[in-house]
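S.K.: Before I ask anything, here is the structure I am working with.
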Amino acid sequence: MSEEFAFEDGRKAEKIELDQGKTKVIEIYVEPKPEKKLAKRITEKYCVCEREIETIDENTGEIINKVIEKVSGDDTSTFEEAPVGKSSMEKLVEEKISNKPKVSTTNILFFGLILAQLVGLVYLLLVM
């Protein structure tokens, strides 16, 4: 015997009752939960009156299109940016990686001093 109904969370479900002699089995089949993927992100900045609308590819997560609306007084202007190659998070990571520490002059002096001591040690061991 089969019966269709709405499950507790609103999904379609089907209840099947099987009578096997002294055992009664009730199976409830529920449709899978719909998977939600980010499709659009809207960022509103109240202090500068700016609104960003980003259209996002559901499969890759990359930004496909970016529209910026600016409001000044009664005028509203809309700017559409070219597709962004890299997200802001990728740019931050690349910036952190590319910032290599610079060698200071004190470090160069210390390395020179150590090198001079090694040359002196080799001279003492081999010549004397």
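The values are calculated or read from the model by the stated rules, or taken from the named source; none is laboratory data. As the structure is a prediction and not an experimental result, all values here were calculated from the model. Here the Cβ is made from the backbone with ideal geometry for all residues, glycine too, and neighbour counts use every protein chain on show.
S.K.: Just the residues that are modelled with pLDDT of 75 or more and of a type outside the set (D, E, K, R), please, taken from the stretch 72-83. Lay out the reasoning, then the answer.
M.R.: Within the stretch 72-83, the first condition is being modelled with pLDDT of 75 or more, and the residues that meet it are 77-78, 80.
Of everything in the stretch 72-83, those that are modelled with pLDDT of 75 or more and of a type outside the set (D, E, K, R) turn out to be Ser77, Thr78.
S.K.: Restricting attention to the stretch 5-51, report how many residues are under 31 Å from the mean Cα position of the chain (by Cα), of a type in the set (Lys, Arg) and farther than 30 Å from Lys66 by Cβ.
M.R.: Number satisfying all stated conditions: 2.
S.K.: Still on this structure: Pull up the stretch 90-119, narrow it to residues that are surrounded by 10 or more Cβ atoms within 10 Å (Cβ to Cβ) and small (Gly, Ala, Ser), then point me to the one that is farthest from Gly61 (Cα to Cα).
M.R.: Looking at residues that are surrounded by 10 or more Cβ atoms within 10 Å (Cβ to Cβ) and small (Gly, Ala, Ser), I get Ala116.
S.K.: Do we have Glu54 as part of a strand (DSSP E or B) and of a type outside the set (A, V, I, L, M, F, W, C) here?
M.R.: It is true that Glu54 is part of a strand (DSSP E or B) and of a type outside the set (A, V, I, L, M, F, W, C).
S.K.: Considering only residues that are outside any loop (DSSP other than H, G, I, E, B) and modelled with pLDDT of 80 or more, which ones fall in the stretch 25-51? Please lay out each step first, then the result.
M.R.: Initially, the stretch 25-51 is screened for residues outside any loop (DSSP other than H, G, I, E, B), giving 25-30, 40-45, 50-51.
Across the stretch 25-51, the qualifying residues are Val25, Ile26, Glu27, Ile28, Tyr29, Val30, Lys40, Arg41.
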